[in-house]
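Everything below concerns the one structure shown next.
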Ligand SMILES: [Zn+2]
């Protein structure tokens, strides 16, 4: 009982947070609405007219994606500020992985997820890292497309976390010393 209540509370909190994130860029939209309300109430008085023109001036240059704001209120643009940052983070973590893996290889360690040949061909390895970023963004887009906006964000967050952890692990691995070749004692 208490558990579900807590989960529900957290869900509500997330909803509030999501609502805040959605409403931040859409505040001009809300303003427009109130202007319309005032317009219908005041039967087009001078005050309402000035307020209306005010919002038109306000929304004109600042929102290039304004046409898409006609979507239902809970959705957001896919390339919103949060996703921009998340995808940049995924790309950065992938770059870190690229360099940390090469660093590890230089120190004589074996790559465990890919073949050594793929990693040692730097152009191919860079392409693999880039495509991992693209696949991650594609997965986030699919989640976004089907309305799973929380999963959409988590795709990037989890990807970033795992990749960064792997990179740190790469750097932390001890340099292999070939002098101590394994053999019977
Ligand atoms: Zn979304």
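The values are calculated or read from the model by the stated rules, or taken from the named source; none is laboratory data. Keep in mind the model is a prediction, meaning the values are calculated, not measured. Here the Cβ positions follow ideal geometry from the backbone for every residue, glycine too, while neighbour counts run over all protein chains shown.
For this structure, a couple of remarks:
- Hey, residue 139 modelled with pLDDT of 80 or more, outside any loop (DSSP other than H, G, I, E, B) and more than 16 Å from the ligand (Cβ to nearest atom) or not: no
- Checked against the criterion of being more than 15 Å from the chain's Cα centre (by Cα) and without any contact (Cβ under 8 Å) to a residue 40 or more places away in the chain, the candidates 98, 171 yield just one match: 98.
- Checked against (1) within 11 Å of the ligand (Cβ to nearest atom); (2) in contact (Cβ under 8 Å) with a residue 12 or more places away in the chain, residue 148 meets all criteria but (2).
- Of residues in the range 151-179 being in contact with a helix residue (DSSP H, G or I) (Cβ under 6 Å, 6 or more places away or on another chain) and near the ligand (Cβ under 10 Å from one of its atoms), the one nearest to residue 89 (Cα to Cα): 152
- When we screen 125, 87 for residues that are modelled with pLDDT under 95 and surrounded by 13 or more Cβ atoms within 10 Å (Cβ to Cβ), the only hit is 125.
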